[in-house]
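Take a look at the structure set out below.
Each value in this text was obtained by applying a stated rule to the coordinates, not by laboratory testing. Just so we're clear, the structure is a prediction, and the values are computed from it rather than from any experiment. No Cβ is skipped: glycine too gets one built from the backbone with ideal geometry, and neighbour counts run over all protein chains shown.
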Amino acid sequence: MSPAKINFELTGACNLSCAHCLRDRTLKNELPLPLIQKALKQARAYGINRVSFTGGEPLLYSRFQELAESTVSSGVQFALVTNGILLPRFTRLLSRPELKPGLDRICVSLEGPDPETNDPVRGKGSFKKALQGILSARSRELPFAIKFTINSRNYQKIEEMALLAGKLGAFELQLAQLYPTPQNLSAGLALPPGQWELVQAESLRLRDLLKLNLIFSAGCYVDENFPICGHLGMTEYYVDSRGWLCLCCMLAGVAGRDSGKREKDRIADLRQTSFFDAHRKLMDRIIWFHKKRLERIERGEVSELEHYQCLSCGFHFGKLDWLKDFPGTAWEDLFQKARGGRR
Ligand code: SF4
Ligand code: SF4
């Protein structure tokens, strides 16, 4: 089992405007540095020694250097999840002898193995710039991985993506499935249900064939009725750029954020609550969720939708109601069946 870690959304701001982005583009909050340091100090008391800095774009964080230095000097390793555009400006800093040993990995997101596939989703010129970022990391021997989110326009490019990752020297290729949202359903980017399993099977075939270090991010389709990801197993925590401990980044980003409605996946405001108290509340919420799932298993009501891990959370945490606006789509059909306790 991997050691526990906290993911901090450093900022809501980003220098790209990807078509499938989950974040609310109006939110440009920055997480106060003292809040991160305080939360980390408390979390360190029970052995957490890994963090991941995400966004928005984490390299836009105004106090990035101070943050990286204080994180490493407190004995914590950090990973960066970036779009890679600003990476060439930071690789010198990251390769300094006092920081490099504390850098766990740089994870660069790409939507395809070429500009023709990547740029329509992530923006014109973004493939070339992200590649420059990757090459800059490689030239300084910084560990990097590539994150590839599979959508309806790139799912046939997994093999090319895997070959590119290998050629570039990425130590890992992370595959994620595009979570359906109003934006990406309207744009025709979300893969329909059923296709996810085919994509996963093809990816596993490639992994074995190419001897690739290929992993699936949380959220993929699973056969079991009671799957547990890092967040539900409390080996992974997530703090959003407003300073809230939330269940995870997937739910925090989807429709409902700042809608005025109470969001069950937003647990506690760390500006007012200690990490310990927030953690207690998180435990209660996770137990509530697990009990709900157990009841459905007992009654034989687990629906097909609930085998898509993140959609199962989205369903139980009230974050899929927007699907009502997409009648006749396969995802809406699964949603209605889940509501009726049907498969
Ligand atoms: S790089 Fe990430 S945060 Fe920025 S717009 Fe794209 S998906 Fe959103
Ligand atoms: S939505 Fe649920 S399954 Fe997906 S990452 Fe979050 S907690 Fe895990």
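Going by neighbour counts of Cβ atoms within 10 Å, the residues Arg293, Arg138 line up, fewest first, as Arg138, Arg293.
Mind sorting Ile267, Ile297 by how few other Cβ atoms lie within 10 Å of their own Cβ, fewest first? Walk me through the numbers on the way to the answer.
On the way: Ile267 25, Ile297 13.
Least to most surrounded, the residues fall as Ile297, Ile267.
Within straight-line reach of Lys292, meaning a Cα separation under 24 Å, sit the following lysines at least 8 residues removed in sequence or on another chain: Lys261, Lys264, Lys281, Lys319, Lys324, Lys337.
Loop-located chymotrypsin sites (Phe, Trp or Tyr not before Pro) in region 1-73 (DSSP state other than H, G, I, E, B) with a sparse environment of at most 15 neighbouring Cβ atoms within 10 Å: Tyr46. Here's the picture: charge each Lys and Arg Cβ at +1 and each Asp and Glu Cβ at -1 in the chain, and of Pro88, Gly166, Val72 the one pushed furthest to the positive end of that dipole is Val72.
Equivalent-ellipsoid semi-axes (√(5λ), Cα gyration tensor) for the chain, whole Å, largest first? Please report the intermediate quantities before stating the final value.
Values: eigenvalues 181, 136, 67 Å².
Each semi-axis is the square root of five times an eigenvalue, giving 30, 26, 18 Å.
Once divided by 2.2 N^0.38 Å, the Cα radius of gyration of region 283-343 becomes 1.10. Comparing Leu214, Leu320, Ser17 along the charge dipole axis of the chain, the residue lying farthest to the positive side is Ser17, per the Cβ-charge model.
Is it possible to state the helix-based mean residue ellipticity at 222 nm for the chain, with each DSSP H run of 4+ residues giving -39500 (n - 2.57), the sum divided by total residues, to the nearest 500 deg cm²/dmol? What is it? Present the calculation step by step, with values, prior to reporting the outcome.
On the way: 12 runs with 131 residues, N = 343.
Counting only the DSSP helices, I get -11500 deg cm²/dmol.
The HN-Hα couplings worked out from phi for region 295-306 by the Karplus form 6.51 cos²θ - 1.76 cosθ + 1.60 (θ = phi - 60°) are 4, 5, 5, 4, 8, x, 10, 5, 8, 4, 4, 6 Hz, whole numbers, x standing for Gly and Pro.
Just how large is the dipole of the chain about the Cα centre, in debye to the nearest 20, putting +1 at every Lys and Arg Cβ and -1 at every Asp and Glu Cβ? Can you show the working numbers first?
Values: 48 positive and 38 negative charges, 157 e Å.
Here the chain has a charge dipole of around 760 debye.
Choose one of Leu33, Leu59, Tyr155: the residue whose Cα lies farthest towards the positive end of the charge dipole of region 5-325 (beta-carbon charges +1 Lys, Arg; -1 Asp, Glu; about the Cα centre). Going by the charge dipole, the pick is Leu33. Between region 186-237 and region 23-78, the C-alpha centres lie 27 angstrom from each other.
Most exposed first by the Cβ proxy, i.e. fewest other Cβ within 10 Å, how do Asp104, Asp284 rank? Write out the running numbers ahead of the final one.
Working: Asp104 17, Asp284 10.
Placing the least packed residue first, the sequence is Asp284, Asp104.
Give Lys128/Lys211; Lys38/Lys128; Lys100/Lys128; Lys28/Lys124; Lys38/Lys124 a once-over and call out the pairs whose C-alpha atoms are over 32 Å from each other.
Lys38/Lys128; Lys38/Lys124
Computed from backbone phi with θ = phi - 60° and the Karplus coefficients 6.51, -1.76 and 1.60, the 3J(HN,Hα) list for region 174-182 is 9, 10, 10, 9, 6, 5, x, 9, x Hz; x is used for glycine and proline.
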